[in-house]
Amino acid sequence: MTSAARSALNIAPPVSAFLARHGLANARLEPLAGDASSRRYFRLPDRGLLLMEDREDLAGFAAYVRLSRHLLSLGLSAPRVHGADPSNGLGLVEDFGAGTYAKCLSDGASEADLYVLAVDALLHLHQDARGAQIASPRFDLSAYLAELDIFAQWFAPEVNPALDRAFFAMAFRTLWAEALAPVGDMAETLVLRDFHVDNLMFLPARTGVARCGLLDFQDGILGPCEYDLVSLLQDARRDLAPGLEEDLLSRYIAGAPAALGGETAIRRRYALLGAQRHARIAGVFMRLCRRDGKPQYLSYLPRVLRQLEQALIDAGLGPIKDYLDTELPGWAAHGAAPAQDLKGMIHV
């Protein structure tokens, strides 16, 4: 690849030097579409490799390398790291191809089959005691509450501009601290955190749960098993076919480790963690639009708010729902509003 072509892709000198050290000085690079993060990926055609660049989050890059090895040791499919420069956030990682769950679904693949495979991959991880045997941060109460601050800071003021933000944030935290107490010290497994169709790959040449390829796990933490299940089955990006969520939740419950306490306990945590996650995501999507200039994420906001309202009901979090209804009148109605109206509301 010529230097002019590399320059056009904004390839920094450390990247060129890294590729040269691995005998890839002239390799052709094809940029891949980005996500909500600062990471960049380039495909090396015919090499079976991706170049990963994450110069803004070196700690996250180091975690990616560590967690990739861990997941592989458990018999799961994470991209194998073939070379790394941690000081510059550069890695050569296995290329799983283009078969994300999202693409497979759009191409007509069986939704039920793909989701069953993903649930079975989670069960494989959760049933293995080694899953939690890795140095990672804990998903403790302080972490849950810090995530909910995103809702208080970014979403709440958009609904009620006259809101006393400091008072709302404090009261919101107090209500959630009580609600989340049952999961505040649970560290049962490695939680991948973004376990959804854009971060899962179908690898048909492999067998068993290894057919489910895992991406974007560098933010993994130790926490409750049900968190990734919520990420998968209550996805901000898409609705499941009617009845499929219940079928998959029942499948997970039937195969769940006995230590989780059975169906009632699993369903209770599933709803509670769903409510916390949806509140965080509502704040994140608004922040992506307001701060980062990415209004496209607002198209998912109506679904997230519907999910949040239902999860508050399912989890029995009446005091939190009542507080939102009082301080943010009509907040849930935004879930039924067209994305275009939301864009106009926040002056995108």
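The values are calculated or read from the model by the stated rules, or taken from the named source; none is laboratory data. This one's a predicted model, so the numbers in the text were calculated from it and none came from an experiment. Glycine also receives a Cβ, built like all others from the backbone with ideal geometry; neighbour counts cover every protein chain displayed.
Glu263 meets each of the listed conditions (1) of a type in the set (Asp, Glu); (2) modelled with pLDDT under 95; (3) over 22 Å from the mean Cα position of the chain (by Cα) apart from (2). In this structure, is Ala279 surrounded by fewer than 20 Cβ atoms within 10 Å (Cβ to Cβ) and at pLDDT 95 or above? The answer is no for Ala279. For the criterion of being assigned by TED's automatic domain parsing to the domain that holds Gly223, modelled with pLDDT of 95 or more and exposed (fewer than 14 other Cβ atoms within 10 Å of the Cβ), Ala166 passes.
Residues that are more than 19 Å from Ser299 (Cα to Cα) and crowded, with 23+ Cβ neighbours inside 10 Å within the range 218-237 comprise Gln218, Gly220, Gly223, Pro224, Cys225, Glu226, Tyr227, Asp228, Leu229, Val230, listed in sequence order. Total residues in the range 306-322 satisfying the condition of being in contact with a helix residue (DSSP H, G or I) (Cβ under 7 Å, 6 or more places away or on another chain) and not in a helix (DSSP H, G or I): the figure is 2. Of note, Leu240 does not satisfy the criterion of being under 21 Å from Ser110 (Cβ atoms) and crowded, with 23+ Cβ neighbours inside 10 Å. A count restricted to the range 163-184 and to residues that are part of a loop (DSSP other than H, G, I, E, B) and either within 14 Å of Leu272 (Cβ to Cβ) or in contact with a Gly (Cβ under 6 Å, 6 or more places away or on another chain) (or both) stands at 2.
Conditions tested, residue by residue: (1) of a type outside the set (Gly, Ala, Ser); (2) over 15 Å from the mean Cα position of the chain (by Cα).
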| site | (1), (2) |
| --- | --- |
| Val191 | yes, no |
| His196 | yes, no |
| Ala205 | no, yes |
| Leu232 | yes, no |
| Ala236 | no, no |
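Within the range 193-204, does at least one residue satisfy the condition of being farther than 30 Å from Ala265 by Cα and touching a Cys at 6+ places or on another chain (Cβ under 7 Å)? Yes: one or more hits.
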